[in-house]
Amino acid sequence: CAVPSPSGTLVPSTSATATPSMAPLFDLILTHVPPPMHLDRTRPFSMLTVQIESDPYVGMLYVGRIHSGILRVGDVLWALDAEGQKVGEGKVKKIFARKGLERIEKDAAGVREIASVAGVKNAGVNVTLVQMEWCGEKGQKSLP
């Protein structure tokens, strides 16, 4: 077990009274690791798909972590490949989140959430799903 020293670094504990709790480690992480600054709810929706699921009722579901914005059922999305070329589009029919192994249907999902999106055609793994506003004046761009 490691415990934080007065200087903030972790040192091995040889004490028999060392706590088995992970709380000191979590406190140290929260103190020294900054929160992600690139995740922004005010920008248009974007999500990089990392997995594809299939559902017999809604069809293909594209799974990923939402990078920016808020996604709602009924939103129109474009699918962009790694070069920023449009490869598909569609209207969001369903949004699902996970709670353990259970899939939970939602009306909306926001930045930092992992979501499954149904309704987009011709997307795939490593494809960025975006709202049209994401493309802007500089043209279409995909997430790294």
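Could you calculate the FRET efficiency of E105 with R41 from 1/(1 + (r/R0)^6), where r is the beta carbon distance between them and R0 is 25 Å, rounded to 0.05? Calculated value: 0.75. Here the translational diffusion coefficient of the stretch 47-136 follows from Stokes-Einstein with Rh set to the Kirkwood radius across Cα pairs; for 25 °C and 0.890 mPa s it amounts to 192 µm²/s.
Relative protection proxy for 107-114, 88-95, 53-60, from highest mean packing down: 88-95, 107-114, 53-60 (other beta-carbon atoms within 10 angstrom). Less than 12 Å Cβ to Cβ from R72, Lys/Arg counted +1 and Asp/Glu -1: what total charge do the surrounding residues give? Here the charged neighbours net out to +2.
Within a straight-line Cα-Cα reach of under 14 Å, K93 can be paired with the following aspartates and glutamates, leaving aside sequence neighbours fewer than 8 residues apart in one chain: D55, D75, E105, D107. According to the Kirkwood relation over distinct C-alpha pairs, the hydrodynamic radius of the stretch 26-79 is 13.7 Å.
What the phi angles of the stretch 85-94 give under the Karplus curve with 6.51, -1.76 and 1.60, with θ = phi - 60°, is a coupling list of 7, 6, 10, x, 7, x, 9, 5, 9, 9 Hz, glycine and proline written as x.
Amide H contacts under 5 Å for R43: G69, restricted to partners 5 or more places along the chain or on a different chain, H placed in the peptide plane at 1.01 Å from N.
No lab work stands behind these numbers, since they all come straight from the coordinates. It should be emphasised that the depicted structure is a prediction, and the values quoted were computed from it without experimental measurement. Every residue, glycine among them, receives a Cβ derived from its backbone with ideal geometry; neighbour counts consider all protein chains shown.
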